[in-house]
Amino acid sequence: MTVKITKAQLKQIIKEEITNYYHVLKVNDSRPTGDTGMIKKAYRSQAMANHPDRGGDSKKMKMVNNAKDVLLNPDNKKKYDQELYKDTIDCKDSRPEAAFCPRTGIPLDDKFIDQFADLAGVTPDNTPEAAFAEFENTRALKDAILAGITNRFMAAMKANNMEAMKGFQRAFDEASKANDIAELEGFKTFLKWNKET
């Protein structure tokens, strides 16, 4: 007997859960915020309550320090907020009827999600999925251009045209180094002007 697992279930099984550091510091009702003063105040409060020298738990104190290190460093916070946002969207997609994400405690209402997107600097165009799709589009275009140049090179080789072969070899080397759509567009024009005969 085989058990079928959906793609969503598999994602959930292998997903590494992200810790809600806003919850760890008990800041802003466990909701993401850009208020650094609020985060610092919450950190001091949790550090006092959890410090091992004051009878606190060293594991909790380590978590509090990790939360501070992430949320009070602008670069780390930006990356973290984007990951937490993505996790929240995944949660909303898998549980559209839920008011809160059970993993993170973050509200799933559209108004808060929009506010969180602004805080995390996430727009439909710069989500990790959009960046991956752009990478895939660039990669596909690059592969097509390299294949086109290779075909032209082979045609020049059959025609025993050494000058054309050298030109196509240079074009192949340059196209291999191109990293964005704009650079690759020029090679599309190059291929149109150098049609196979």
Residues being in a loop (DSSP other than H, G, I, E, B), over 17 Å from residue 33 (Cβ atoms) and hydrophobic (A, V, I, L, M, F, W, C) - total across segment 61-102
2
Is it the case that some residue within segment 49-60 is at pLDDT 90 or above and under 18 Å from residue 106 (Cα atoms)?
no
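The values are calculated or read from the model by the stated rules, or taken from the named source; none is laboratory data. Just so it is clear, the structure is predicted and the values come from calculations on it, not from any experiment. No Cβ is skipped: glycine too gets one built from the backbone with ideal geometry, and neighbour counts run over all protein chains shown.
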